[in-house]
Every structure is written in structure tokens, then in C-alpha cells.
1. Go through the stretch 303-329 and count every residue that is modelled with pLDDT of 85 or more and open to solvent by less than 80 Å² (accessible area, probe 1.4 Å).
2. Within the stretch 141-167, can you find the residues that are surrounded by 23 or more Cβ atoms within 10 Å (Cβ to Cβ) and over 26 Å from ALA207 (Cβ atoms)?
3. Can you report the number of residues in the stretch 466-519 which are buried (at least 19 other Cβ atoms within 10 Å of the Cβ) and among the polar types (S, T, N, Q)?
4. Taking only the stretch 168-182 into account, find how many residues are more than 21 Å from the chain's Cα centre (by Cα) and open to solvent by less than 20 Å² (accessible area, probe 1.4 Å).
5. Being farther than 14 Å from ILE108 by Cα and of a type in the set (Val, Ile, Thr) is the filter here; which residues of the stretch 336-377 pass it?
6. Whether any residue in the stretch 446-457 is among the hydrophobic types (A, V, I, L, M, F, W, C) and open to solvent by 40 Å² or more (accessible area, probe 1.4 Å) is what I want to check.
7. Could you tell me whether any residue of the stretch 107-114 is open to solvent by 20 Å² or more (accessible area, probe 1.4 Å), in a loop (DSSP other than H, G, I, E, B), touching a helix residue (DSSP H, G or I) at 6+ places or on another chain (Cβ under 7 Å) and of a type in the set (A, V, I, L, M)?
8. Which residue is surrounded by the most Cβ atoms within 10 Å (Cβ to Cβ), if the candidates are limited to the stretch 1-32 and must be at pLDDT 80 or above and assigned to a helix (DSSP H, G or I)?
Amino acid sequence: MTPFSIILGHEKCESYLVFSGETAFGDNCRAVLYFLGLAYCFIGLSAITARFFQSMENVVKHSRKVVEVDPVTKTETIRYEKVWNYTIADISLLAFGTSFPQISLATIDAIQNIGKLYAGGLGPGTLVGSAAFDLFPIHAVCVVIPKAGELKKIADLGVWLVELFWSFWAYIWLYIILEVWTPNVVTLWEALLTVLQYGLLLTHAYAQDKRWPYISLPIARDERPEDWVPEETPYFQQEEDFSEIKHVNEENRNAVDIFSIHSESTRDPLYVRAPQIDEEAETLDKAKDTLLLTIWRQQFVDALRLEHPESKKFKNVYLRLAHILWQLLLLPWRFLFAFVPPCQIAHGWISFICSLLFISGISYIVTKITDLISCVTGINAYVIALTALASGTSWPDLVASKIAAERQKTADSAIANITCSNSVNIYVGIGVPWLIDTLYNFIAYREPLRIQNAGGLSFSLIVFFSTSVECISVLVLRRIIFGAELGGPRFWAWITCAFFMLLWIIFVVLSSLKVSGFI
């Protein structure tokens with residue numbers, strides 16, 4: 001009998017991932033291999049996040065042409081306005097997209113348990129653990145991301161307060177379902193109301209953004225940047241009007257970036273004004289298709305390249321070798337994700353959807369590996385979901401908030417992604433899987449859905465709520481003392497970071513001990 005079996009007292013696991021011969025390796029060896037496989041899946045999630053975020057930027061920055069006619073002079077004025085509202089983009093595209101690993105994992109877990117009277121434990125455990133990871137470690141990272149002395153504050157405080165209210169209410173609502181109204185069970189109507197509240201969040205946040213009377217809070221909004229995310233210089237960018245060409249660096253001299261005339265930057269010497277193309281639309285469409293195919297082909301070239309410009313900057317040969325080995329480890333994921341169409345097509349929507357499909361596929365593999373880890377080690381699946389799964393599937397949240405904290409002039413999107421992701425985790429991530437299972441049970445058995453770990457889940461909610469109050473209080477204090485939530489004096493930024501990490505450790509330890517029966 002293996003050490004795992006002696007300590008945890010479980011029988012030999014006969015399940016396997018790829019082939020039946022895995023059962024001959026022994027529980028210890030299998031546990032190590034499965035944990036390594038889980039870590040590699042998390043690396044894949046990290047790799048697809050960059051593509052997802054780039055496609056989302058293209059979706060959000062899409063603008064439409066508006067023609068206004070002066071009633072007196074009859075002159076026409078042409079302006080371009082953003083299609084997406086900033087607040088709705090944060091709550092829907094950013095929060096929903098970065099939470100998609102957890103949502104898809106919970107939905108897959110629900111489908112696998114369909115027809116059973118008891119709900120699966122992976123989904124709720126992952127989502128509650130993900131909420132804690134979002135609130136504590138991601139806030140910790142975002143606080144120290146700005147440069148020394150740089151301050152980034154929330155510009156629209158009213159919208160953040162609305163998002164924060166719905167985030168807190170989500171966990172209060174979940175506790176009411178599990179402990180007050182119908183203890184240890186979830187009914188069809190409770191699941192349906194949970195999902196519908198996501199629509200209320202969107203409506204309330206939009207009302208606050210537009211300052212609707214009687215609904216919005218009377219809080220002034222600071223000046224916001226014109227662009228959702230400031231422009232950077234990737235290899236390829238393009239929008240609808242193919243009227244500007246940008247030549248890139250020496251290594252990619254043959255590649256060109258296609259920009260819209262509306263994003264012209266006269267300060268950048270690399271921009272070359274191209275003559276207006278006065279040809280047939282069919283010829284222009286062919287040119288666009290050719291350029292898009294060139295961009296797509298370049299994705300595969302970049303995916304297979306191990307020696308990148310950044311690795312050549314390392315003077316230390318060991319650091320350079322380590323960077324190349326890391327690129328080699330990423331190569332299978334990079335090549336796979338190169339099949340995602342360029343984000344310049346259809347304003348980024350096709351790339352956005354394909355990225356989510358890849359995330360779903362990885363999440364499915366993660367659920368299978370997690371079940372095997374629980375089977376092999378005997379560790380409660382809820383504990384694995386609360387810790388390893390929650391941290392790994394929250395990696396896109398971390399990357400997205402980090403990028404927003406680095407590149408945006410304000411802290412709105414970085415912090416909104418955290419608070420809104422927590423709301424999405426409950427209203428969609430738990431609500432939709434529960435709705436699937438409760439609907440089936442209602443039709444097939446006329447029975448509600450029973451929650452096997454309701455006590456442990458409720459305890460986790462109480463601990464999370466208590467620690468989250470401390471986290472938000474610190475953010476409020478930083479705003480009062482330093483004038484901003486992120487950045488500021490380096491010493492105090494790192495102190496805040498350490499405190500947030502301590503809160504996360506307290507949550508994980510107490511919740512794991514409760515589920516394991518030690519407290």
C-alpha cells in the first residue's frame with residue numbers, strides 16, 4: 001500500500017486519463033504525473049489569455065461612423081463613436097471572458113453530474129476559491145504593478161461601488177440559498193433567480209455609468225481616457241479602413257501593420273502615410289484578404305520561433321538558455337493557438353469566440369485530471385478545487401488585470417475585472433450549472449438539487465466575506481491616504497501586497513480544514 005493510501009485510507013484508483021496502463025505506475029507516480037499535467041494545462045490557459053485579451057481589445061475599440069447635419073447651415077459633420085460602453089465591456093467581455101475557465105469547468109462538471117440528485121463539488125469549490133484568488137492575490141499584484149510613485153485610481157467611483165455591491169450581494173445570496181431558504185438544496189427557481197441577477201448587475205452598472213436619475217449614485221466621475229486600453233505596438237494591427245501602413249522592426253521588415261486612419265499617431269516616426277486607394281471595392285477586398293492571410297501565416301512562424309528578440313537581450317548564457325527552454329515548453333500551446341484566426345477579422349469577434357472554445361477544451365481536460373488526482377490521492381475534490389483549480393483557472397483574471405493595471409491610465413478596468421469576475425462566478429458560473437441540473441431534476445424526478453458539501457461551502461462564504469471586508473477597507477484607506485488604490489510609495493505598496501496575500505492564505509487554510517473535517 002502506498003503512503004497516500006496509508007495516510008488517507010482510500011482504495012486503489014482504477015480510472016485513467018489516456019490508457020489503462022496508467023494504473024500500473026502506482027499512486028505516488030500517478031499523482032506526480034497528474035499534477036504536472038494540471039500545471040501544464042494552466043500554462044496553456046496563460047498562453048491563450050494573451051490572444052483572448054488582444055481580440056477583446058479589438059472588439060472594444062470598434063467605432064461606428066455617425067453623420068450629423070446642422071439644421072441651419074445644412075453642413076455635415078462626421079464623427080466616430082465607440083460601439084461598446086466602457087462599463088458594459090468591463091462587466092461582460094472582460095469579466096466573463098477571464099472567468100470563462102471557471103465557468104466552463106463548472107458547466108462541464110454539471111453536465112457530467114446531470115441526472116444525479118447531488119451536485120458536483122468541483123464547480124462551486126473552484127468558483128468560490130477563484131473569488132478569493134481574484135480578490136486577494138490579484139489585488140496584491142495590481143497594487144505593486146505601477147512604477148514607483150505612480151498612482152492609478154478608480155475614475156468612476158460610482159460604477160465601482162455598484163459593482164462592489166453586486167459582488168458582495170452575490171455571496172450573501174448564495175449563503176441565503178444554502179442555509180436559510182432551502183438548507184442543503186437548490187430549487188429550480190433559486191437557480192433561475194441567480195442567473196437573472198447578472199442581468200440586473202449589467203442594467204444597474206449601465207444606469208450608473210449614464211447617471212440615470214433615481215437609480216444612480218450622485219458621485220462625480222473623474223476624466224477617463226478616450227481609449228479603453230492605450231495603443232501598444234504589436235506585430236499586426238488593423239481596422240476597417242486600410243489607409244495607413246506601419247513598418248515594423250528590422251527582424252520583421254517584410255511585415256506590415258494595417259491601421260485605420262482614425263488611429264493615426266503623428267508623433268510616431270514609424271508611421272508612413274499611404275496614398276488613398278481609389279480602386280474598385282473588389283480589388284480592395286482582395287488586398288485585405290491577402291494581408292489577413294499573411295498575418296495568419298506569421299502567427300505560425302512566430303509560434304515555431306524559439307529565439308525571440310527578448311531572449312537575445314540576455315547577456316548571461318544561462319538566462320538565455322532558460323528562456324529558450326521556456327519557449328520550447330510553450331511551443332505546443334503556441335502552435336495550437338496559432339490556428340485561432342487573426343483578431344483583425346470581424347473586429348476581433350471570431351478570435352474572441354475561438355479563444356473561449358480553446359479555454360473550454362483545456363477546462364474539460366482539467367476536470368478529468370482533477371478527478372484522477374482526487375481518486376489517486378484520496379484528497380477531497382472540493383479542497384483541490386478550492387486551491388489548485390481556483391488558482392490555475394484564475395490565471396487569465398490575473399493576466400488581464402495586470403495588463404490593465406500596466407497599460408491603462410486609471411485603475412477602473414483592473415479592479416472592475418476583479419469585482420465583476422466575482423459576480424460572474426456566482427450569477428453565471430454557479431447559476432448556469434445549477435440551472436441545468438435543477439431543470440433536469442425537476443422534469444425527470446420532481447426533486448430539487450442537493451448540495452453534498454453545503455456546510456463547507458457556507459463556511460467558505462463566511463470566511464471569504466469577513467476577509468474581503470478587510471481587503472476593501474485597505475483599498476479605501478489607500479484612496480484616502482495616497483489618493484489612489486494602486487501604486488504609490490513602493491514600501492506601502494509592498495506592505496499592502498503582503499497583507500492581501502496573508503488574507504488569501506487565511507481563507508484557503510480555514511476553508512480546507514473545514515471541508516477536511518479538522519475544524
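The values are calculated or read from the model by the stated rules, or taken from the named source; none is laboratory data. Please read these numbers as outputs of a predicted model, since none were measured by experiment. Neighbour counts are summed over all protein chains in view; Cβ atoms, including those assigned to glycine, are modelled from backbone coordinates with ideal geometry. Areas reflect the complete protein model, heavy atoms only, side chains present, ligands, DNA and RNA absent. Shrake-Rupley method; radii C 1.70, N 1.55, O 1.52, S 1.80 Å.
1. Selection size over the stretch 303-329: 1.
2. Across the stretch 141-167, the qualifying residues are CYS142, VAL143.
3. 5
4. 4
5. VAL340, ILE345, ILE350, ILE353, ILE373, VAL376, THR377
6. First, the residues of the stretch 446-457 that are among the hydrophobic types (A, V, I, L, M, F, W, C): 449, 451, 454, 457.
Next, only the ones that are open to solvent by 40 Å² or more (accessible area, probe 1.4 Å) stay: none.
Scanning the stretch 446-457, I find no residue that is among the hydrophobic types (A, V, I, L, M, F, W, C) and open to solvent by 40 Å² or more (accessible area, probe 1.4 Å), so the answer is no.
7. Yes, some residue in the stretch 107-114 is open to solvent by 20 Å² or more (accessible area, probe 1.4 Å), in a loop (DSSP other than H, G, I, E, B), touching a helix residue (DSSP H, G or I) at 6+ places or on another chain (Cβ under 7 Å) and of a type in the set (A, V, I, L, M).
8. Filtering first and then ranking leaves ARG30.
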